[in-house]
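Have a look at the structure below, then the notes.
Readers should treat all values here as calculations from the given coordinates under stated rules, not as data from a laboratory. Because the structure is predicted, anything quoted here is derived from the model rather than measured. Neighbour counts run over all protein chains shown; Cβ positions are idealised from the backbone, glycine included.
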Amino acid sequence: MAILRMFATGFLLLLQVSIINAQPDSRINEAFARSYKAEQNGTYSEGVADLKSVYQPDNYAMNARLGWLLFLSKQYTESISYYDKAIKLKPYAIESRFGMIKACNALESWDMVKEQYEAILKIDSQNTTSLYWLGVLLYNRKEYDQAAKNFEKIVNLYPMDYGSVIMLAWTKLFQGKKTDARVLFDHAILLSPGDSSATDGLNLLK
Amino acid sequence: MLRKFSYIIIILLILSYPAKGQHEMNFQFVDTLTYHYYESGDWENLIELANLAVKEGIDYKYLRQRAGYAYLISGDYIRAARNLEKALKYDSYDPFTLGYLYYSNLGLFRAETAGYYSSGMTPDQRKNYQIKSTKIVESIDLELNTAFTSTTLRSDPGYFRLGLLSRPLSRLSLYQSVSAFNQMGTIQYPTQKFRFQIRQFGYYGLIKYAVLPHWNIKAAYHFIYYDFSSSITYSNLGYAALSADFDMVTLSINASAIHNNQYVTKQGGLKAGLIIPGRRNLSFTGGVNVLNQQDTSRLIYSGIVGISLSDKVRMNADVTYGYQNYYNDFDAMYLYNSIDPVIFRTGLTTYFMTNKKITFWLNTGYERKEYFENNDYYYNQISILGGLQWLF
């Protein structure tokens, strides 16, 4: 009889533990729902507090969401730490990397921004957002050869994309490839008639 | 209106800060307050808060830049460089970081490392930070030395050296100097006395290059014309060294060879240094060299302790022990080749930085020397050396 009672107690304990483990799903869902509302209302720190109350370190969505809300509440370093956890949990997801880039941008941590764009391009080599902004970053650093490679990829994919065409034109100009630059400035004027940047570039080539 | 509002926020933040460590650290709190401290020049509070924030996991470029700058202004160059290097990891092109890393490394007497950082800046950025990356004449220095011997058999020697430092590239320096030495004396043989006069002229050239931020290579050449009572010796010294500095630690390895018509002297050595972070920049350097001459190898030990007594005064105490016959020191700039080998020497050098341009130094030293003619007997020598460096 005593053995039966012990067995029943043990069974109930196990059941309780499994209920506790299962319970968070609904609590997490509620916390997420509250966090969306908080985001809509602009009360980001409330959303952060809601999520932190049910925080699970190995939950990708929770880390990514905390990263985003902390970014919105301008807690950039904390945002980066949550995005970093999310990236470690799903290294092939690029959304958290973009989230981290936003926070790194705010802190002007350009080496970290570059690192994330490069990581995204390893996963998705045709990602035009990464190609473009990595190109801009390299252009600002006067690394024109590398910048040109990025812009060229976008222009090949989207020949009618004015932003990439004009960036490639200026990059070619600073690379000393004047003929290429002239063709690209002309093409930029075709895409954006009377474009002042392209006109400036052509004037420099005269 | 906006400015008033921001002042109110800062005042509220400062009022909330007294319970240091108890305030919940977050990015905005740290960023606003450290920026305020930076703007108001409150370096002590800035350093304290930045360190607390880093401990709490708040770490970003501007925090490290502000902390680095605060340490630099406070004269703690190791911690300044440490923080600015962290900032560099976030943004390796930031001119503020590069500019003040340049100055931190100058404070640590790591001019080539400083040059490495300034080489990453554009000409306009260097101009903004008052950095001249290349100079035909970076500095001129002059040293005059005399000594008082405890024996009547040797006259008081005289030494003179004039040096010129150039920087053809920001990461590369070229130092050249000419020197002269003279001494008279009497060699007391058992049955006769021999009067002699030594005249010596030298040319020295040293190239230092920063291969990487913390790795330097050095190569030197030292030529010496040695006239011992019309018996002339030409010595050619070649020297190479590799040095690395990692935060507080400096390590170097060197090898050299001197060739003249008497024999070849080979020397190899290791040196390790430690700089204790703080305003005093207390440093300890220890080295050991092997000197090989005519199949005989001898060990020579050396040590230097340095301390900044104030922003403008630094003092170095040095000691070298061992049989120093054709021993070279300070990247082969000094060659101990006098007729009587030094077996022990110690000295105290005080550097006075009068302004940004001029540095004076005064060295008083003691040497114990072995008589050329009888190695069972020694004499003492007290030397006084005065130096001046003019930066352009």
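Taking the number of other C-beta atoms within 10 Å as the exposure measure, put B:Thr97, B:Thr359, B:Thr191 in order starting with the fewest. All intermediate terms of the calculation are to be shown ahead of the outcome.
Numbers: B:Thr97 27, B:Thr359 19, B:Thr191 4.
Exposure proxy ranking, most exposed first: B:Thr191, B:Thr359, B:Thr97.
Computed over the Cα atoms of the protein assembly as shown, the ratio of the radius of gyration to the Kirkwood radius (Rg/Rh) comes to 1.13.
Computed from phi, the 3J(HN,Hα) profile of segment B:376-387 under the Karplus parametrisation 6.51, -1.76, 1.60 (θ = phi - 60°) reads 8, 10, 10, 9, 10, 9, 10, 10, 10, 10, x, x Hz, with x in place of Gly and Pro.
From the square roots a ≥ b ≥ c of the eigenvalues of the alpha-carbon gyration tensor of segment B:160-203, which class results: rounded (a/c under 1.5), prolate (a/b over b/c), or oblate? Don't skip to the answer; put the middle values down first.
Numbers: a/c = 8.00, a/b = 4.92, b/c = 1.62.
Prolate shape, in that a/c is at least 1.5 and a/b is the bigger ratio.
Name the aspartates and glutamates eligible as straight-distance cross-link partners of B:Lys357: C-alpha to C-alpha under 16 Å, and not fewer than 8 places from it in the same chain. Here the aspartates and glutamates satisfying the reach criterion relative to B:Lys357 are B:Glu138, B:Asp141, B:Asp311.
Give me the aspartates and glutamates in straight-line cross-link reach of A:Lys74: C-alpha distance below 19 Å, same-chain residues under 8 apart excluded. A:Lys74 reaches A:Glu39, A:Glu46, A:Asp50, A:Asp84, A:Glu95, A:Glu108, B:Glu24, B:Asp31, B:Glu56, B:Asp59. Cβ crowding within 10 Å ranks A:Ser45, B:Ser256 as A:Ser45, B:Ser256, fewest other Cβ atoms first. Based on the Cβ-Cβ distance from B:Phe196 to B:Ile276, what FRET efficiency comes out when R0 is 60 Å, to the nearest 0.05? Computed FRET efficiency for B:Phe196 and B:Ile276: 0.80. Between B:Ser133, B:Ser170, B:Ser92, the GNM of chain B built on Cα springs shorter than 10 angstrom shows B:Ser92 fluctuating the most. Residue by residue, segment B:186-201 carries 3J(HN,Hα) couplings of 10, 9, 9, 8, x, 10, 8, 10, 10, 8, 9, 9, 10, 10, 9, 10 Hz when phi is fed to the Karplus relation 6.51 cos²θ - 1.76 cosθ + 1.60 (θ = phi - 60°); x denotes Gly or Pro. Note on A:Lys172: aspartates and glutamates with a C-alpha under 16 Å away, same-chain residues under 8 apart excluded, are A:Glu143, A:Asp145, A:Glu152, A:Asp180, A:Asp186, A:Asp200. With semi-axes defined as the square roots of five times the eigenvalues of the C-alpha gyration tensor, the equivalent ellipsoid of segment A:31-124 measures 23, 15, 10 Å, largest first.
Projecting the Cα atoms of B:Ala111, B:Ile253, B:Leu144 onto the dipole axis of the protein assembly as shown, where Lys and Arg carry +1 and Asp and Glu carry -1 at the beta carbon, places B:Leu144 farthest toward the positive end.
Average 1/r across all pairs of distinct alpha carbons in segment A:144-206, invert it, and you get the Kirkwood radius: 11.1 Å. In this rough spin-label picture, where each label sits 7 Å from Cα along the Cβ direction, the B:Gln188-B:Thr146 distance is 2.5 nm. Arranged from fewest to most other beta-carbon atoms within 10 Å of their beta carbon, B:Thr186, A:Thr77 become B:Thr186, A:Thr77.
On a 21 Å Cα-Cα criterion, which of the cross-link pairs A:Lys90/B:Lys86; A:Lys142/B:Lys135; B:Lys135/B:Lys356; B:Lys55/B:Lys89; A:Lys90/A:Lys122; A:Lys52/A:Lys88 come out too long?
Too far apart for the 21 Å limit: A:Lys90/B:Lys86; A:Lys142/B:Lys135.
Across all directions, the average projected area of the convex hull around the alpha carbons of segment B:135-391 is 13.9 nm².
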